[in-house]
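Engineer: My structure is below; once you've seen it, I'll send some questions.
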Amino acid sequence: MATNHKKNNPKVLIIGSGIAGLSAAIHFSEFSDVILLAKSSLDEGSTRYAQGGIASVWSKNDSFEEHQKDTLEAGAGLCRESSVEICVTEGPSRIRELIEWGVEFTKTANHSDYDLHQEGGHHQRRILHTHDYTGLAIEEALIEKVRKLSNVAILENHMVIDLIMEGKLKPASSTEKTSHKNLGACVGAYVLNCETNEIFPLASELTVLASGGMGKVYLYTSNPDVATGDGVAMAYRAGARVANLEFMQFHPTCLYHPSAKSFLITEALRGEGAILRNEAGEDFMKNHHEMGSLAPRYVVARAIDMELKRTGAPHVWLDVSHMNELEFTEKFPQVHSMCLKYGINTPHDKIPVVPAAHYMCGGIQVDEWAQTSVTGLLALGEVACTGLHGANRLASNSLLEGVVFSKRAADRAREYLVKHAIPSAPKTLPVWDFGRAVDMEEQIDIAATWREIRTLMWNYVGIVRSDRRLRRARERLALIRHEVYADYWKFRVNRDLIELRNLLTVAELIVECALRRKESRGLHFNVDYPETLPLLAHDTII
Ligand code: FAD
Ligand code: SIN
């Protein structure tokens, strides 16, 4: 930890090093000492895999009103309008900032301006991108900048196990169960060094959860392995309000191939005219939505699900044959080379695709400044529920949300931490108490239970739901909970066990939210309540 921390600077703990955590580190470092934690390497997380790009009003033909309208329409009546307005209107400034920080977005052929993509649900071209590896370009530029900041200490391969709550400041023990009552403010976190398995407390005046999504709770997902819902699970255990977890977004087009793990086929291809076809070669999306293959994501994912069930086929096809080879390889080099690796020669060959869990629209409920319902705890990026996405996220609005809210969080915190004298972080925190926990002999049970949860979520809590299947999922998860918690108290914790416990918690929260919504809206479709009811246009809060 090479740092230049000043004695009286406030200490801010940032958990996560995707676009949200990295941009927050840059802003917060202007007035505080930052410790930035990542449970894997610094660059690993959903951000680096983002392909399509980042949405913002950039062209003269576009307007804030139109971006807001598309976001609200995609959100199916559940967006918080103030959050939509904030993200859309503050977007262009944040994009300019990313450019200043070194992100190189792709320019038009004559280099006069940035090239803009279009994706599902957008009625305008407004997606800035770096070819089809936008996330990687952003992640690398931000990491380079953060590594140069002398008051940001970076801890890679360090995983937060739980938040430390003021109300529990007595010797912590892995044999104690948590209660949601009187937990008070968040004053730090217990951290596991994933290489040595050592556990230590870190104190902070402010803790920022930027720990990303929870796609790994489903068997098929576009998400990387780190997306195990740790942030939502930890915040829930700390007594924070979580919301709208029934709205898991399934991306319509992930590569279907037995050896291809989680590879996304960007929606920007459909923005360039690619067409979804069934086995018979029909453009089936025409029968589902006036925007055809470019309809909002949940419409496309559900239509594919129907098509697969109707025909019994294992996948549908994405037809990209209208593009010539040069155009394709220039615009989508990553998709081209990945497909080629699996014997698919784009644009000549059609790409086999299936839907997969992609993005959690709900999360830890926050206000317009990223403040959660717990004092001292902020949430940013995919882990947060700002209200921007409502019941379905508009494509490429997620990276935007991450940068917009990290700046707002820092602006407000600067006022809060610097102008007002707030109590400083506790000087000492109780060490982690292993109680009578013993080392685990084998990891087989963890892997098997992990797979059981993910399979169950895919089968019972997927794109199309019913009350019967949701209740069955709830019962099975309750049984699994007994086993997992027994292991959690019995064995010395390690990364796999911590992730399993978090995955289980978020699975149960998703099912609970889904059971509470007695209608279908956006991403949540329940055959027992197929209508969208205006009276139920409110958040599901736990
Ligand atoms: P992430 O980038 O996921 O980072 C999470 C961080 O938290 C990681 O550093 C991880 O190590 C850390 N972490 C997690 N748990 C812990 C813990 N317990 N302790 C310590 N650290 C922890 N969105 C768009 O807007 N445009 C796109 O084109 C786009 N394409 C996508 C393509 C793919 C394949 C995927 C998966 C997502 C895509 N998305 C896209 C969504 C978007 O990429 C993510 O929502 C966004 O990057 C999330 O950023 P984040 O900073 O919140 O989290
Ligand atoms: C994509 O490139 O299709 C993903 C875009 C997104 O998830 O916003």
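Engineer: Using a 7 Å offset from the Cα along the Cα-to-Cβ direction at both residue 533 and residue 290, what is the distance between the two label points in nm, to one decimal?
Structural biologist: The answer from the label model is 2.9 nm.
Engineer: Here is a further query. Can you pick out the pairs among 261/407; 11/39; 69/309; 39/148; 107/148 whose Cα atoms lie more than 24 Å from each other?
Structural biologist: Table pairs above 24 Å Cα-Cα are 261/407; 69/309; 107/148.
Engineer: Using amide H atoms built 1.01 Å from N in the peptide plane, name the residues 5+ places from residue 316, or on other chains, whose amide H lies under 5 Å from its own.
Structural biologist: 353
Engineer: Of the listed peptides 295-306, 279-290, what is their order by residue-averaged count of other C-beta atoms within 10 Å, with the highest listed first?
Structural biologist: The packing order, highest mean first, is 295-306, 279-290.
Engineer: Any idea how far apart residue 148 and residue 66 come out in nm if each label point goes 7 Å out from Cα toward Cβ?
Structural biologist: 3.6 nm
Engineer: What are the DSSP H helices in the chain that stretch 27 Å or more along their long axis, judged by alpha-carbon atoms, and whose average Kyte-Doolittle hydropathy comes to at least -0.5?
Structural biologist: 81-100, 495-516
Engineer: Can you compute the FRET efficiency between residue 375 and residue 260 using 1/(1 + (r/R0)^6), with r the Cβ-Cβ distance and R0 = 51 Å? Round to the nearest 0.05.
Structural biologist: Efficiency, from the Cβ-Cβ distance: 0.70.
Engineer: A further question on this structure: Using the count of nearby Cβ atoms within 10 Å as a rough guide to exposure, how do 132, 230 rank from fewest to most?
Structural biologist: Ascending Cβ contact count within 10 Å gives the list 132, 230.
Engineer: Could you compute the FRET efficiency for residue 73 and residue 342, with r as their C-beta to C-beta distance and R0 at 35 Å, rounded to 0.05?
Structural biologist: Between residue 73 and residue 342 the formula returns 0.50.
Engineer: Using a 10 Å cut-off on Cβ atoms, rank the peptides 515-526, 86-97, 369-380 from the highest mean neighbour count down.
Structural biologist: Taking the mean over residues of other Cβ atoms within 10 Å, the ranking is 369-380, 515-526, 86-97.
Engineer: What is the distance in Å between the Cα centroid of region 348-389 and that of region 430-483?
Structural biologist: The two parts, judged by their Cα centres, are 22 Å apart.
Engineer: Ranked highest first by average number of other Cβ atoms within 10 Å, how do 452-463, 238-249 line up?
Structural biologist: Order by mean packing, descending: 238-249, 452-463.
Engineer: For every other residue with a beta carbon closer than 11 angstrom to the beta carbon of residue 317, add +1 if it is Lys or Arg and -1 if Asp or Glu, then tell me the sum.
Structural biologist: It works out to a net charge of -4.
Engineer: How much length is gained on full extension from residue 411 to residue 322, taking 0.36 nm per residue of separation minus their Cα-Cα distance?
Structural biologist: 27.3 nm
Engineer: Restricting the count to DSSP beta bridges whose residues both fall in the chain, what percent are antiparallel, rounded to a multiple of 5?
Structural biologist: Close to 60 percent.
Engineer: Under a 5 Å amide H to amide H cut-off, with H placed in plane at 1.01 Å, what residues pair with residue 254 once short-range neighbours are removed?
Structural biologist: 265, 354, 356
Engineer: Would you please classify the overall shape of region 409-532 from the alpha carbon gyration tensor, given that a ≥ b ≥ c denote the square roots of the eigenvalues, rounded means a/c under 1.5, and beyond that prolate means a/b larger than b/c while oblate covers the rest?
Structural biologist: Oblate.
Engineer: Contour minus end-to-end for residue 309 and residue 440, with contour as 0.36 nm per residue of separation and end-to-end as the Cα-Cα distance?
Structural biologist: The residue 309-residue 440 span can extend by a further 43.0 nm.
Every read-out reported here was derived from the displayed coordinates using simple, explicitly stated rules and does not represent laboratory data. Here the structure is a predicted model, which is why all the values come from computation and not from measurement. Because the Cβ atoms are built from the backbone with ideal geometry, glycine has one as well, and the counts that use them run over all protein chains shown.
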